[in-house]
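Written below as structure tokens is the structure these notes are about.
Read-outs: derived from the displayed coordinates by stated rules, not from any lab. The model shown is predicted, which means the values in this text are computed figures rather than measured ones. Note that each Cβ is placed from the backbone with ideal geometry, even for glycine, and that neighbours are counted across all protein chains shown.
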């Protein structure tokens, strides 16, 4: 028996435009849907926060930006990840991750910005109640790197960088990441002639 799956909600920016790439990254926090527009070729990135009203419609409650005074693309929103009280937004163009905290009023407020020490930092992000991870999956010229952080009352505290040079370039180490408790799962889909691997780390 096959179940039919129907779309429940269709979200769109107020002023859709070509090359906007809205929705390239999506996360959920409490009753909110958080969608990134971070791969635009024509304007700075934006992260849209949607709430669902009583009729089941998505209503934009916030538009978050990097805060940089530029009219050029910055990649903000290329990756997003959220918990109930924290949101991290990646931009590999700027090699940064912006950390937001939920205020007592329920809005998101920028806490601080992390700057990476390697190219591609911020391409993929993940966060849990205790930890956060930021990665650059690499390319044909470099192997991937994952940076692990511990969450503190003041933001994110760097723990260590993980890279497996033995995997070789283009293994895409860090292309996907997720936490379960104190364990971090890191995907490397191009490893072993694109057979793919998942590495598990105890934090």
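Computed quantities for the displayed model
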read-out: Ranking of 145, 178, 104 by count of other Cβ atoms within 10 Å, fewest first; value: 104, 178, 145
read-out: Per-residue Cβ neighbour rank within 10 angstrom, fewest leading, 48, 118; value: 118, 48
read-out: Packing-based ranking, highest mean first, of 105-117, 80-92 given that Cβ atoms within 10 Å are counted; value: 80-92, 105-117
read-out: Exposure proxy ranking, count of Cβ atoms within 10 Å, fewest first, for 166, 143, 192, 197; value: 166, 192, 197, 143
